[in-house]
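A short worksheet on the structure shown next.
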Amino acid sequence: MAGSPRVGVLALQGDVREHAAMLAGLGAEVALVRRPEELAAVDGLVIPGGESSVIDKLSRTFGMQQPIRAAIAAGLPVYGTCAGLILLANEVLDGIEGQQSFGGMDVSVRRNAFGRQTESFETGLDVPVLGDEPVHATFIRAPIVERAGDGVEVLASLPDGGIVAVRQGALLGTSFHPEVDGETRFHQLFLEGVREHVAGR
Ligand code: GLN
């Protein structure tokens, strides 16, 4: 269908359904992606929240790591939330032994950065690129961006300066989970990138 971008949700582990529902609600044609040929058929990819070390391992088991790395290098728009952000980071801090990422974003991301006492919290966040209304952000065993390279745009930070939303080219990442709060604006931003990617091809 014209005007309806075809986007995938990496469906190895994590909150796949929430992303799929949100993207479908925004008019996208949604496909669950587990295999290279399914990846090849989408114009954008969401990597959900979940457990980054598990998604990493399963992606290697399913032969998806190299295809995803190649797609990112070729400019595929990708939006990662929480574990998905960890998987987009060029450097993962506090990963489990042998943990790898797809990479693509010039950031260093620390897993479980808020410690045990604050496993999960919610807060209002200013995200200027999304307009004046703050984002209601839910953090669940969330990572933080400890270093953002020169080419990385910081979209949101916590009051203490901790970076929690970033963009670099076609890659978008958030430490938190807009999909669990009905916050559509990040997914809309991602879909705009997908449409630009399709138009520019
Ligand atoms: N702590 C998880 C990890 O390291 C991320 C948590 C989440 O995605 N909600 O992958």
>> Restricting to segment 1-15, give me the number of residues that are modelled with pLDDT of 95 or more and crowded, with 22+ Cβ neighbours inside 10 Å.
In response: 5
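Do the conditions hold for N112, that is, is it more than 9 Å from the ligand (Cβ to nearest atom), polar (S, T, N, Q) and surrounded by fewer than 21 Cβ atoms within 10 Å (Cβ to Cβ)?
On the way: more than 9 Å from the ligand (Cβ to nearest atom): no; polar (S, T, N, Q): yes; surrounded by fewer than 21 Cβ atoms within 10 Å (Cβ to Cβ): yes.
Here the answer is no, as N112 does not meet what is asked.
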> Which one of these is in a helix (DSSP H, G or I) and more than 22 Å from P159 (Cβ to Cβ): I96, I72?
Replying inline: I72
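Mind checking which residues of segment 21-54 are in a helix (DSSP H, G or I), within 16 Å of the ligand (Cβ to nearest atom) and within 19 Å of T138 (Cβ to Cβ)?
At the first step, the residues of segment 21-54 found to be in a helix (DSSP H, G or I) are 21-25, 36-40, 52-54.
After this cut, where a residue has to be within 16 Å of the ligand (Cβ to nearest atom) as well, the list is 22, 52-54.
Matches in segment 21-54: M22, S52.
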> Under 8 Å by Cβ, and 6 or more places apart or on different chains, what pairs join a residue from segment 169-188 that is closer than 16 Å to A28 by Cα and hydrophobic (A, V, I, L, M, F, W, C) with one that is more than 16 Å from the ligand (Cβ to nearest atom) and modelled with pLDDT under 95?
Replying inline: none
>> Here are the criteria: (1) at negative phi; (2) at pLDDT 95 or above. Tell me which single one D94 does not satisfy.
In response: (1)
> Of (1) farther than 13 Å from L85 by Cα; (2) more than 16 Å from the ligand (Cβ to nearest atom); (3) assigned to a strand (DSSP E or B); (4) within 19 Å of the chain's Cα centre (by Cα), D106 satisfies all except one. Which?
Replying inline: (1)
> more than 24 Å from L58 (Cβ to Cβ), of a type outside the set (V, I, T) and crowded, with 18+ Cβ neighbours inside 10 Å - does that describe any residue in segment 90-104?
Replying inline: no
> Just one of the numbered conditions (1) touching a helix residue (DSSP H, G or I) at 6+ places or on another chain (Cβ under 8 Å); (2) charged (D, E, K, R); (3) closer than 19 Å to V194 by Cβ is not true of R6; which one?
Replying inline: (1)
> Within the bounds of segment 134-142, is there any residue that is on the phi < 0 side of the Ramachandran plot, among the aliphatic types (A, V, I, L, M) and not in a strand (DSSP E or B)?
Replying inline: yes
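Within segment 55-68, is even one residue acidic (D, E), without any contact (Cβ under 8 Å) to a residue 60 or more places away in the chain and more than 23 Å from A199 (Cβ to Cβ)? Spell out the reasoning first.
Our first condition is that a residue be acidic (D, E); within segment 55-68, this holds for 56.
Subsequent filtering for residues that are without any contact (Cβ under 8 Å) to a residue 60 or more places away in the chain retains 56.
Add one more test, that the residue is more than 23 Å from A199 (Cβ to Cβ), and what stays is 56.
Checked segment 55-68: at least one residue is acidic (D, E), without any contact (Cβ under 8 Å) to a residue 60 or more places away in the chain and more than 23 Å from A199 (Cβ to Cβ).
Rundown of residues vs (1) farther than 22 Å from N90 by Cα; (2) surrounded by 22 or more Cβ atoms within 10 Å (Cβ to Cβ), yes/no style:
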| position | (1), (2) |
| --- | --- |
| E122 | yes, no |
| V127 | yes, yes |
| H136 | yes, no |
| P143 | no, yes |
| P159 | yes, no |
| L171 | no, yes |
| T174 | no, yes |
| F186 | no, yes |
| L189 | yes, no |
> Of all the residues that make up segment 1-16, how many are of a type in the set (D, E, K, R), closer than 15 Å to A83 by Cβ and not in a loop (DSSP other than H, G, I, E, B)?
Replying inline: 0
> In this structure, does R69 turn out to be within 16 Å of the ligand (Cβ to nearest atom) and over 21 Å from A20 (Cβ atoms)?
Replying inline: no
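The values are calculated or read from the model by the stated rules, or taken from the named source; none is laboratory data. Keep in mind the model is a prediction, meaning the values are calculated, not measured. Methodologically, a virtual Cβ is constructed for each residue, glycine included, from the backbone with ideal geometry; neighbour enumeration extends over all protein chains shown.
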